[in-house]
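Data block below; observations after.
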Amino acid sequence: MGGVETQAKTLAKKLMENGVEILVITRQRTSNLKKKETIDGIPVTRIPPIGPGKFRRWEMMPFAFLYLLKMRRKYDVLFVPAFRTLGLPAVIVSILFKKKCILKAENNGEMSGEFFEIGFSKKLGLPINYFKIFLLLRNRLLRRANYFISFSSQISDELKSNQVPGYKIVELPNGIDINKFSPSSPDEKIKLRQKLGIPENKVIAVFTGRLVSWKGLPLLVRVWSKVVSNNPDAVLVLVGGGGEDIHNCEDDLRNFVGDNNLEANVIFTGNVENVTEYLKSADIFVFPSENEAFGNSIIEAMACGLPVITTRTGGPKDIITENENGLKVTANDFNELHDAINTLIKDRNLGSKLGQNARSTAQEKYSIDTITRKYIQLFISGS
């Protein structure tokens, strides 16, 4: 699961704990997945199309419409994370049957169309004018939704610039389980490093997320090559895999590490389910994304009491307050990223202060319990 799916699962579980009935509708990505299943108490229905493919989300639209039509007496509210395609069938059904519809942008460019413009026009070989006509018609329908969830100032601005009325925009960040993501004691950190095969007495920096190029990872490994030239005991742990994403850069990263003899200073974990343990075992969190809508990984690291280094983009620029609960650098800036990492390696007191403040920020603003109560209020009262 990626960040969108993880956040949906976390929210669904909390909603159910608060008495809200939930049905998750998703795609049957492989034939061996069950059409209906209960996962951690959450009922999940999978609909066609089956199998991998870059445009399966678009192909899913008519199946989603038909299923929502069939199940119309079973739900009151339609909630669509990542609405760029599946928002359309949800809005149409909500209009036809007077259901409340709430759309949530999970990426920058979902409303403006920038997120999928290249795929629509270039990869499908269609003229750009076709895309503009489609976008105009799509947005006229999407604006009929009751509310739009925004978790960053950048997305709020995008929605407004695409004629979504201000009263329909609800600013609501993602939430995390701050009990699950919590700081570790020195003894716990050592035990976790032993368990995970991470060096016990070295400075550990960690990244969590998909290994895709726009997360700034090609730059990070180049910067790390310079970092270890002056700090040979520094180790970077990359937690995650490239997956099916067209921006997958995992092989390139592994090749760079091998070509530059960095095997002792860069660890690849692949896809794992125990992300929390890697965060708890680390000293520094680095997230140099070039274009991040929110950054669930950032607030997870903050909740674990880690000093964060990230970029002045999208969600991260709203989450991190410079020199208070983390450090911010310019995206794609080699020297700024190197200096920030080097600063936290050298100045442990600064790292400790930033980490403590980060934990406090996570508790105050990003607790899933608080976020869930706000969702329930929105579902019930619409305010």
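Every number here is computed from the coordinates shown, using simple stated rules; none is lab data. Here the structure is a predicted model, which is why all the values come from computation and not from measurement. Counting neighbours? That spans all protein chains shown, and the Cβs are built from the backbone with ideal geometry, glycine included.
Structural remarks
- For the chain, the relative contact order is 15 percent, taking Cα pairs closer than 8 Å that sit 6 or more residues apart in sequence and dividing their mean separation by the residue count.
- For the pair Arg222 and Glu290, the difference between a 0.36 nm per residue extended length and the Cα-Cα distance amounts to 22.9 nm.
- Computed about the Cα centre, the dipole magnitude for the chain is approximately 2000 debye when only Lys and Arg (+1) and Asp and Glu (-1) carry charge, each at its Cβ.
- Rounded to the nearest 5, the antiparallel percentage of DSSP beta bridges internal to the stretch 186-365 is 10%.
- Principal-axis tilt of helix 128-142 within the chain, Cα atoms, nearest 10 degrees: 70 degrees
- Structure-based [θ]222 nm, the chain - -39500 (n - 2.57) summed over DSSP H runs of at least 4, per residue, nearest 500: -13500 deg cm²/dmol
- Whether the stretch 185-280 is rounded, prolate or oblate, judged on the alpha carbon gyration tensor where a/c under 1.5 counts as rounded: oblate
- Each listed q (0.11, 0.14, 0.21 Å⁻¹) maps to a log10 I(q)/I(0) for the stretch 1-124, found by the Debye formula over equal Cα scatterers with no solvent: -0.39, -0.65, -1.50.
- Placing a label point 7 Å from the Cα of Lys374 along the Cα-to-Cβ direction, the residues of the stretch 63-107 whose backbone N falls under 20 Å of that point are 78-83, 101-107.
- For the listed residue pairs Lys35/Lys215; Lys36/Lys374; Lys180/Lys328; Lys14/Lys74; Lys132/Lys168, the alpha carbons are over 22 angstrom apart in Lys35/Lys215; Lys36/Lys374; Lys180/Lys328; Lys132/Lys168.
- For the stretch 186-365, taking Cα atoms only, Rg and Dmax work out to 14.8, 44 Å respectively.
- In this calculation the C-beta distance from Gln163 to Ile246 is compared with R0 = 30 Å, giving a FRET efficiency of 0.50.
- Projected label distance in nm at Arg312 and Leu136, using a 7 Å step from Cα toward the beta-carbon: 3.7 nm
- Global form of the stretch 103-215, assessed from the alpha-carbon gyration tensor, a/c cut-off 1.5: oblate
- The Rg/Rh ratio for the stretch 300-362 is 0.95, where Rg is the radius of gyration of the alpha carbons and Rh is the Kirkwood radius.
- Distribution of pairwise C-alpha distances over the chain, 20 Å bins, in %: 27, 56, 17, 0
- Ranking of Val93, Val308 by count of other Cβ atoms within 10 Å, fewest first: Val93, Val308
- Paired Rg and Dmax values of the stretch 214-266, which use every Cα atom, in angstrom: 11.2, 36
- Ordering Ala90, Pro288, Asn108 by Cα displacement along the dipole of the chain toward the positive end leaves Ala90 in first place; charges were set at the Cβ atoms of Lys, Arg (+1) and Asp, Glu (-1).
- Extension gain, Glu188 to Gln363, is 60.9 nm, computed as 0.36 nm per intervening residue step minus the present C-alpha separation.
- Full-extension gain in nm, Ile39 to Ile95, via 0.36 nm per residue minus C-alpha separation: 17.1 nm
- Spin-label pair Asn18/Asp259, simplified geometry with 7 Å Cα→Cβ offset, distance in nm: 5.0 nm
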